[in-house]
Each structure stands twice: as structure tokens, then as C-alpha cells.
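Participant: Got a structure for you, questions after.
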Amino acid sequence: MKQAEAAKPGTKLAGYSVLAEIGRGAASVIYLVQDPKTKQIWALKHVVRETPKDQRFIDQAEQEAMIGAKIGHPALRHIEKCIKTRSLMTVKELFLVMEYVDGVSLESHRPKTLVQAVDVFRQVARGLAHMHGRGFVHADMKPHNIVLRDDGSVKIIDLGQSCAVGTVKPRIQGTPDYIAPEQVHLRPITPKTDIYNLGATMYWTLTGAHIPTALPKHDSLVGSLDDHLIEKPKPVRDLRPDLPEMLAEVIMHSVEVDSERRPASMDLIADRLDLVFAKLRSAGSRRGPDDDGDPRSGNGK
């Protein structure tokens with residue numbers, strides 16, 4: 001898809017004043033904008049339909065807006081409205097007016113202590129549990145889609161691949177290092193999919209290592225692996241001996257290839273992470289495996 005030509009600061013898009021371009025996706029440009037009437041700052045996602053092949057990107061953005069309107073949780077980015085520009089009966093442009101989230105991604109800024117990392121995980125789990133309770137799955141949970149803010153709170157962003165529980169997608173969608181087997185093999189997407197994605201995210205955050213997934217990175221002769229061929233990840237405590245046993249169990253159970261072997265729900269994961277967090281705080285644990293407090297293992301790279 002051809003992306004829209006970048007709007008310059010000071011110009012207007014969908015009635016909003018463009019302040020800066022702040023991001024690009026495969027099919028979108030995201031701007032920092034201001035409502036000229038209220039002075040409220042927003043993030044504005046702009047998607048353009050250039051050819052009939054681009055219709056799926058418009059459909060995806062409409063789906064994102066629909067799901068965003070049906071969920072509401074402090075850990076989930078709020079979507080304020082969807083604005084469409086039509087030509088005859090066809091949507092030619094679409095704008096998503098979204099909460100502007102000021103912070104850094106977990107991918108670029110891993111927490112400095114174990115207790116801080118667990119705090120991030122439990123907030124994310126609560127946000128995802130809320131989505132599941134509303135009947136939706138995020139379906140692209142990864143460090144890049146978790147934003148850390150100065151006050152310690154987190155925001156889950158990018159509902160672009162989100163879908164209703166039980167959806168069978170027509171194509172593989174997901175990020176190779178975090179993707180669940182059912183996403184690769186086009187089986188129904190369920191809350192267990194988010195559990196796998198979050199488990200892979202926690203594993204990487206705490207070790208710096210990625211788990212093996214159904215999309216191998218180094219064998220160009222293999223497009224994807226059947227479930228029984230997916231290598232088991234190294235036990236997380238082999239890389240991080242300091243991790244509480246309960247935390248290690250949550251992570252390793254979450255990345256089970258067989259979804260039936262994963263934890264029963266995201267609420268259960270959130271409850272266990274809350275307990276781990278409380279115990280860490282009670283014990284005054286503020287450091288990782290090294291004395292400098294870094295939560296990553298040197299041998300987990």
C-alpha cells in the first residue's frame with residue numbers, strides 16, 4: 001500500500017492541526033495533532049485507499065476503531081473517534097483520533113529492576129483480561145506495543161490486529177519472535193493467543209533472549225514449523241536463576257505450544273503476577289541477577 005504523503009506541521013487533517021509526524025506503520029502515518037477548539041492533544045492515524053488492494057487496510061482500521069469503542073481500561077489506549085472520507089460509496093481515507101501516549105516502548109527501555117518489570121507485566125495482563133472480557137483478543141502483544149510512562153503506568157497500543165475471540169484470519173499476522181502457533185497455522189485466535197504473546201514478551205524482557213516460535217528465522221527452506229517441531233524454549237530460570245518460582249512457572253506455562261496447557265485465563269495470570277509483585281515489594285527486592293539492578297541476564301543475550 002502506498003502511504004499518504006506526510007502532512008507538514010501547521011497543516012490541517014480531519015479538522016486537526018498537525019504538530020508533527022510521530023510514527024509510521026505498514027499502511028498508515030501517525031501524527032501528533034491538536035484540536036483547534038479545545039486545544040486537546042491527540043494522536044491521529046491516517047490511512048488512505050489508493051487501489052482496491054488497499055481495502056483490507058481500511059477494513060483493519062475500521063475494525064480497530066470498532067474494538068476501541070467497546071473497551072475502556074487504564075492500560076489500553078483510548079480511541080476517541082473514527083473519521084471517514086468517502087468518494088461515492090467507497091471510503092477513500094480514514095482517520096483514527098486516539099489518545100496520545102507519551103512514553104517509551106518496553107522494546108527500547110526495559111525496566112531496571114525485577115519489581116518494576118513485574119509491575120509492567122501485571123498492568124498489561126489486567127488490560128488484556130479486560131479485552132478478553134469484552135470478547136476481543138489483541139493478537140499482537142509484544143514489547144513494541146507496550147508503552148511505559150513516567151508515572152509508572154503502562155499503555156497497550158496498536159489494536160490493528162485485534163479481533164473477536166474465535167476469529168480465523170485469512171493470512172498470518174503477528175510478529176515472528178512472539179507469534180503463537182495458532183496464528184501461524186491459521187487456527188482460531190483466542191485469549192490463549194494473547195497469553196502466549198505475553199509469555200514470549202516476559203521471557204524476552206527478563207532475559208534478552210527470544211523463544212523459538214513456529215516461524216524459524218534461520219532456515220530459509222522452511223516457511224513454518226508444525227507444532228511438534230517447535231523447539232522448547234530454555235527454562236527461563238536457567239537464564240535467570242534469581243526469578244521467583246511462581247513467575248518462572250507463569251512464563252513457561254504461557255508459552256506452551258499446546259494452548260490447552262497454557263494458563264486458563266489472563267485473569268489468572270494477572271492474579272499470580274500481583275502476588276509475585278507483592279512478595280517482591282515486601283522483600284524489598286530492587287535488583288536483577290547482577291548487583292547493578294539490571295533485570296536482564298548477561299547470558300540471556
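Participant: Taking Leu96 as the residue in question, decide whether it is more than 16 Å from the chain's Cα centre (by Cα), over 29 Å from Ser254 (Cβ atoms) and either of a type in the set (A, V, I, L, M, F, W, C) or in the same structural domain as Gly152 (by TED's automatic domain parsing) (or both).
Facilitator: It is true that Leu96 is more than 16 Å from the chain's Cα centre (by Cα), over 29 Å from Ser254 (Cβ atoms) and either of a type in the set (A, V, I, L, M, F, W, C) or in the same structural domain as Gly152 (by TED's automatic domain parsing) (or both).
Participant: Output the number of the condition that Gln116 fails; it satisfies all remaining conditions of (1) within 18 Å of Ile269 (Cα to Cα); (2) part of a loop (DSSP other than H, G, I, E, B); (3) among the polar types (S, T, N, Q).
Facilitator: Tallying (1) within 18 Å of Ile269 (Cα to Cα); (2) part of a loop (DSSP other than H, G, I, E, B); (3) among the polar types (S, T, N, Q), Gln116 fails exactly one: (2).
Participant: What pairs can you find where one residue is in the stretch 114-136 and assigned by TED's automatic domain parsing to the domain that holds Pro263 and surrounded by fewer than 24 Cβ atoms within 10 Å (Cβ to Cβ), the other is of a type in the set (Gly, Ala, Ser) and assigned to a helix (DSSP H, G or I), and their Cβ atoms are less than 8 Å apart, with a gap of 6+ or different chains?
Facilitator: As it stands, the answer is Arg122/Ala270; Arg126/Ala270; Ala129/Ala270, since those pairs meet every condition given.
Participant: Among the numbered criteria (1) in contact with a Leu (Cβ under 9 Å, 6 or more places away or on another chain); (2) assigned by TED's automatic domain parsing to the domain that holds Lys142, which one does Ile22 miss?
Facilitator: Answer for Ile22: the failing condition is (2).
Participant: I've got another one for you. Anything in the stretch 236-251 that is part of a helix (DSSP H, G or I), surrounded by fewer than 19 Cβ atoms within 10 Å (Cβ to Cβ) and touching a residue at least 24 places away in the same chain (Cβ under 8 Å)? List them, or say none.
Facilitator: Met246
Here is a yes/no grid of residues against (1) among the basic types (Lys, Arg); (2) over 30 Å from Arg281 (Cβ atoms):
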| residue | (1), (2) |
| --- | --- |
| Pro9 | no, yes |
| Leu32 | no, yes |
| Gln40 | no, yes |
| Arg49 | yes, yes |
| Asp59 | no, yes |
| Ile71 | no, no |
| His78 | no, no |
| Lys92 | yes, yes |
| Val115 | no, no |
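Participant: Now, a different point. I need a count of the residues in the stretch 137-160 that are polar (S, T, N, Q) and either surrounded by fewer than 22 Cβ atoms within 10 Å (Cβ to Cβ) or in contact (Cβ under 8 Å) with a residue 60 or more places away in the chain (or both).
Facilitator: Kept after step one, since they are polar (S, T, N, Q), are these residues of the stretch 137-160: 145, 153.
So of that shortlist, the ones also either surrounded by fewer than 22 Cβ atoms within 10 Å (Cβ to Cβ) or in contact (Cβ under 8 Å) with a residue 60 or more places away in the chain (or both) come out as 153.
Residues flagged as polar (S, T, N, Q) and either surrounded by fewer than 22 Cβ atoms within 10 Å (Cβ to Cβ) or in contact (Cβ under 8 Å) with a residue 60 or more places away in the chain (or both) within the stretch 137-160 amount to 1.
Participant: Do any residues in the stretch 273-294 that are among the aromatic types (Phe, Trp, Tyr) have Cβ atoms under 6 Å from those of residues that are assigned to a helix (DSSP H, G or I) and modelled with pLDDT of 80 or more, where the two are at least six apart or on different chains, and which pairs are they?
Facilitator: Phe277/Val118; Phe277/Asp119; Phe277/Arg122
Yes/no per residue for (1) touching a Phe, Trp or Tyr at 6+ places or on another chain (Cβ under 8 Å); (2) touching a residue at least 24 places away in the same chain (Cβ under 8 Å):
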{"site": "Ile58", "(1), (2)": "no, yes"}
{"site": "Gln63", "(1), (2)": "no, yes"}
{"site": "Ile71", "(1), (2)": "yes, yes"}
{"site": "Arg77", "(1), (2)": "no, yes"}
{"site": "Arg86", "(1), (2)": "no, no"}
{"site": "Leu94", "(1), (2)": "no, yes"}
{"site": "Tyr100", "(1), (2)": "yes, yes"}
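Participant: Check off (1) closer than 26 Å to Leu148 by Cα; (2) loosely packed, with under 14 Cβ neighbours inside 10 Å; (3) acidic (Asp, Glu) for Glu50 and give me the number that stays unchecked.
Facilitator: (1)
Participant: Which condition does Lys53 not pass, out of (1) out of contact with any Lys or Arg (no Cβ under 7 Å at 6 or more places or on another chain); (2) over 22 Å from Ile179 (Cα atoms); (3) in contact (Cβ under 8 Å) with a residue 60 or more places away in the chain, if it passes all the others?
Facilitator: Evaluating Lys53 over (1) out of contact with any Lys or Arg (no Cβ under 7 Å at 6 or more places or on another chain); (2) over 22 Å from Ile179 (Cα atoms); (3) in contact (Cβ under 8 Å) with a residue 60 or more places away in the chain leaves (3) as the failure.
The values are calculated or read from the model by the stated rules, or taken from the named source; none is laboratory data. Please read all numbers here as calculations on a predicted model, not as lab measurements. Virtual Cβ from ideal backbone geometry, glycine too; neighbours counted across all protein chains shown.
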